[in-house]
Amino acid sequence: MSRLVIVSNRVAPVSQKRSGAEGGLAVAVFAALKERGGVWFGWSGKVVSGEPGDCELFESGNVTYATVALTQQDYEEYYSGFANRTLWPLFHFRLDLTDFSRRNLVAYQRVNVFFSQQLLGLLHKDDLIWVHDYHLIPMADLLREAGCRQRMGFFLHIPWPSMEVLLALPNHREIVRALSAYDLVGFQTERDVRRFLDYIIMEVGGRVGRNGTVHAFDRSFRVAALPVGIDADNVSDFAQEAKSSRQTARLKRSLVGRDLMIGVDRLDYSKGLVSRLEAYELLLAKYPAHRGHVTLLQIAPPSRSDVPEYLEIRRELESAAGRINGAYAEFDWSPIRYLNKGFSRQALAGFLRLARVGVVTPLRDGMNLVAKEFVAAQDPEDPGVLVLSRFAGAAQQLEDALIVNPYDVESVAEAMQTALTMDLEERRERWQRMMEGLERDNVHAWRERFMEALTAPMRKR
Ligand code: F6P
């Protein structure tokens, strides 16, 4: 069996304590890699003042972590800059927040060259290379230039934008051309694939074969929708065990019988947190019976705090949470508990299980694994209800959630009301159907499907 080499900007277990702020990539890649073993290469999470030095190796179980540091300039221009102030907002359809500078683009190329040079020294001839996410799109192209002939796959964890949005990126063609150097490009949903193919056909004049093979830029490569799953059984076990954990018991005691609504999101403008709080505010205004009887626990660990747009969204949220609590709180109840910190996955699983309603209402999201984890964490006998944005990739699979349009705040408030009052039979039926899908399309199936597609013989025409 070929060795699997994973490449991603974030290498979670080394670069940060697991806290719930990792994002879907780290959770999914870790679950996929710990089963098969292999190498995980990426940024160490360290920022150094001088030269970054060479790659550091670290073994844990069947995984070798290979990490490199970034210089302060690269951190600012590549990570905070081109990755998170250009590609991230643009790929999330936020042209209003997209900032483009040639300096940051140069840094993006520079860091990708540095990463590819460091990776080259680690590679074996028959490795399978699997690159993740928007930070490292040029990786395959650079490795091919250096003579690598290994199979290389790419998976995009975030949405692929529609063509008109992508065209606003000055180097859009280069980005898509770089993707054509992979053998396989995987997206979260069929909709992402369709948007990608629109660009290939209309902008590049490429051709799509019946088997999903794309012919463009004088290259042939395959594209596929391969939605990321979770380790559903594992989350379910965690949640069951967490029932008796200290933190879950404390949360339960503090609720004194009130219904819990929960949101768990990295503090990011794509997550629709302000509109979510507004919908909750509307729920309390329109259905006064909930006042004093429902608590919204919004866990929002800060992320990318050096990026100005993240400071702004933090201020907006603080102001919304303060306004709602100010308007409705009583001396013995506050409607919102807003927390800027993360929790271990075990603690989160326990919190999710306690909740009557899970609210996952991003304005745009590649997949959103919290939606899936909320379902997997529920008690089968008395499951809670998921309110889910139609703009999360997860909505393509979790059709039995209450699907909402997060831009329509009134309809989200109505869905919250439906969720809080749904009878047990309907809750069980919806949950059962969603859980079956999560168990079938779990993270292991995701890895296997990706590997199968990556190693399948390629038809050239
Ligand atoms: O899951 C999407 C993603 O952008 C990952 O690429 C990333 O590692 C994660 O969210 C968290 O973001 P960051 O690495 O910037 O903290």
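The values are calculated or read from the model by the stated rules, or taken from the named source; none is laboratory data. What you are looking at is a predicted structure, and each value in this text was computed from that prediction instead of being measured. Because the Cβ atoms are built from the backbone with ideal geometry, glycine has one as well, and the counts that use them run over all protein chains shown.
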Which strands (runs of 3 or more DSSP E) sit wholly inside segment 165-249 and have at least 2 residues that are more than 20 Å from GLN396 (Cα to Cα) and over 22 Å from the mean Cα position of the chain (by Cα)?
-> 213-216, 219-225
Do any residues in segment 194-210 that are assigned by TED's automatic domain parsing to the domain that holds TRP160 have Cβ atoms under 8 Å from those of residues that are modelled with pLDDT under 95, where the two are at least six apart or on different chains, and which pairs are they?
-> GLY209/ARG459; GLY209/ARG461
The strands (runs of 3 or more DSSP E) lying wholly within segment 20-84 that contain at least 1 residues that are touching a strand residue (DSSP E or B) at 6+ places or on another chain (Cβ under 6 Å) and within 15 Å of the ligand (Cβ to nearest atom) are 38-48, 63-71
Is there a residue in segment 45-56 that is touching a Ser or Thr at 6+ places or on another chain (Cβ under 6 Å) and within 30 Å of SER162 (Cβ to Cβ)?
-> no
Are any of the residues in segment 300-316 surrounded by 15 or more Cβ atoms within 10 Å (Cβ to Cβ), over 25 Å from ASP408 (Cβ atoms), within 16 Å of the ligand (Cβ to nearest atom) and acidic (Asp, Glu)?
-> no
From the options GLN118, GLN73, residue that is in contact (Cβ under 8 Å) with a residue 24 or more places away in the chain, surrounded by fewer than 17 Cβ atoms within 10 Å (Cβ to Cβ), not assigned by TED's automatic domain parsing to the domain that holds GLY393 and not small (Gly, Ala, Ser) | GLN73
Meets criteria (touching a residue at least 12 places away in the same chain (Cβ under 8 Å), assigned by TED's automatic domain parsing to the domain that holds ARG10, surrounded by fewer than 24 Cβ atoms within 10 Å (Cβ to Cβ) and touching an Asp or Glu at 6+ places or on another chain (Cβ under 9 Å)) for ARG151 = yes
Inspect segment 126-141 for any residue being assigned to a loop (DSSP other than H, G, I, E, B), away from the ligand (no atom under 16 Å from the Cβ) and surrounded by fewer than 17 Cβ atoms within 10 Å (Cβ to Cβ) and give the result as yes or no.
-> yes
Among the residues of segment 320-358, which ones are buried (at least 18 other Cβ atoms within 10 Å of the Cβ) and among the aromatic types (Phe, Trp, Tyr)?
-> TYR328, TYR338, PHE343, PHE351
For residues that are within 16 Å of the ligand (Cβ to nearest atom) and among the polar types (S, T, N, Q), scanning just segment 143-200, find the one that is nearest to ASN442 (Cα to Cα).
-> GLN188
Of the residues in segment 93-125, those that are in a helix (DSSP H, G or I) and within 27 Å of PRO308 (Cβ to Cβ) number 16
Residues that are at pLDDT below 95: which helices (runs of 4 or more DSSP H) entirely in segment 272-362 hold 3 or more of them?
-> 345-354
